[in-house]
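Structure, as structure tokens:
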Amino acid sequence: MLMPPTTAGPVALVTGASSGIGQAVAERIATAGGWRLLLGGRDEERLAAVARSTGGTPLAADLGERTGVERLAAQAVEREGRVDALVAAAGVGWAGPFVGMPADAIDRLLAVNLTSVVHLVRLVLPGMAERGVGRIVLIASMAGRVGVANEAVYAATKGALLAFAESLRYELAGTRVRVTVVLPGAVETPFFDRRGVPYHRDHPRPVPAERVAEIVWRAIERGAEDVYVPGWLAMPARMQGAVPGFFRALAKRFG
């Protein structure tokens, strides 16, 4: 378990905290008690409401710009002096054939889903490494593990998080800094409404954001590596790795 490094309690920074998985994670950490919560998000009104309900501190930031990421990290350290657990839950989507995807949409997905995460980890990890303990939890997606038609760039951003996390684990060997990637299937959040295309697949069925938040909390408490939500998604992930041709044929047939 990540023990409080000071009598004031450890500090958790949660991005995307104004709604969806990020909000659910903030609420779960608040329920556990003993943590100082820093909440990153773009919607200032919703972020303030989540801060009131959780006792956290709202830090408004647009992670689509590097200056926004740097400002968020600086405000977090200025406010609490450290970050002991980072939950990178902010993300955006886009659905449709890649050949019709606007360049601005590509840039936005890469910036929010990938580049901002890398920079935020770059800014908070040195403190964790110096203290020899910490938690980094990255919210990826099953799409990043197996690929999904009409979500090529989204899947690419989430797949890159897997490689990023695995590389960090090698670098952090011998410390108590743990890097977890959470790979949900579909989740019941405003994500699909915001991307403009509703979720249409029969499987996997969307799970509540609170279910993902519970997995995140367990990762903060105990440390973990790649965790699928729901857990049975690990089976098709292993199949894709072991027999990719067979998996691809099934995916094409059943979507």
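The values are calculated or read from the model by the stated rules, or taken from the named source; none is laboratory data. Keep in mind the model is a prediction, meaning the values are calculated, not measured. A quick note on method: Cβ atoms are made from the backbone with ideal geometry, for glycine too, and the neighbour counts reach across all protein chains shown. Accessible surface is based on the protein model in full, side chains and every heavy atom, while ligands, DNA and RNA are left aside. Shrake-Rupley method; radii C 1.70, N 1.55, O 1.52, S 1.80 Å.
Test each condition in (1) at pLDDT 95 or above; (2) open to solvent by 10 Å² or more (accessible area, probe 1.4 Å) for N150 and report the one that comes out false.
The number of the failed condition is (1).
Out of the residues in region 242-255 that are open to solvent by 50 Å² or more (accessible area, probe 1.4 Å), of a type in the set (G, A, S) and more than 18 Å from V187 (Cα to Cα), state the one that is modelled with the lowest pLDDT.
Result: A249.
Residue under question is A89, and the condition is that it be at pLDDT 95 or above and within 24 Å of G34 (Cβ to Cβ); does it hold?
yes
Name the residue, out of E65, E44, E80, E70, that is surrounded by 18 or more Cβ atoms within 10 Å (Cβ to Cβ) and of a type in the set (D, E).
Just a single option satisfies the conditions, and that option is E80.
In region 125-137, what count of residues is obtained for those that are part of a strand (DSSP E or B) and crowded, with 23+ Cβ neighbours inside 10 Å?
Within region 125-137, residues that are part of a strand (DSSP E or B) and crowded, with 23+ Cβ neighbours inside 10 Å number 4.
Which condition breaks for V87 when tested against (1) under 25 Å from A30 (Cα atoms); (2) under 19 Å from the mean Cα position of the chain (by Cα); (3) without any contact (Cβ under 8 Å) to a residue 60 or more places away in the chain?
Among (1) under 25 Å from A30 (Cα atoms); (2) under 19 Å from the mean Cα position of the chain (by Cα); (3) without any contact (Cβ under 8 Å) to a residue 60 or more places away in the chain, the lone unmet condition for V87 is (3).
So how many residues does region 204-255 have that are part of a loop (DSSP other than H, G, I, E, B), among the aliphatic types (A, V, I, L, M) and closer than 20 Å to A149 by Cβ?
1
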